[in-house]
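Comments concern the structure below.
Just so it is clear, none of the values below were taken in a lab; they were calculated from the coordinates. Everything quoted here is computed from the prediction, not taken from an experiment. When we count neighbours, we look across all protein chains shown, and the Cβ atoms used for this are built from the backbone with ideal geometry, even at glycine.
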Amino acid sequence: MSAKADDAFRTISEVSEMLGVPSHVLRFWETKFSTLRPLKRSGGRRYYRPADVHLLERIRDLLYSEGFTIKGAQKHLSDPAPSASSQKAAVSRDNNLSQAMDLLTEARTSLAALRVTLAS
């Protein structure tokens, strides 16, 4: 079987396999994300446009990789741009992570020096 073009419509089983998400989960997401509207033909067979597949990828990433809840992902997708307070929180979180990494690096160096001292 030949590969489909990038702009081709895909069935739910194709999208399910592509994203590594069961088809029942894709149908569930349709009920939770109003912007997700695959084409439905007679018999209820779904056909996903490339934009639908892209949105599903984003939803999957928000839920599975970034740890969002359904409500959080809905809100994130509906916000056109992150608010100033969420940007400040992200910068603060990044700064805290950077400081923690610096402390861990110092601790690792101290432990290595202690190991050398104890070994001799």
Candidates Ser23, Ser110, Ser42, ranked by Gaussian network fluctuation over the chain, Cα under 10 Å, top entry: Ser110
Indicate the helices, whole DSSP H runs only, in the chain that combine a mean Kyte-Doolittle hydropathy of -1.0 or more with a Cα extent along their long axis of 20 angstrom or more. 84-119
Relative contact order [Cα under 8 Å, 6+ residues apart], the chain, whole percent: 19
What number of lysine-lysine pairs in the chain show an alpha-carbon separation below 20 angstrom, given a sequence spacing of 8 or more or placement on distinct chains? 5
For the pair Val91/Ala112, report the inter-label distance in nm, with labels modelled 7 Å from Cα in the Cβ direction. 3.3
Diagonalise the Cα gyration tensor of region 1-80 and give the resulting equivalent ellipsoid semi-axes, square root of 5 times each eigenvalue, largest first, whole Å. 22, 14, 12
Highest GNM mean-square fluctuation, the chain, Cα pairs closer than 10 Å: which of Ser98, Ser78, Ser65? Ser98
If r is the Cβ-Cβ distance from Ser23 to Ser65 and R0 is 22 Å, what FRET efficiency results, to the nearest 0.05? 0.65
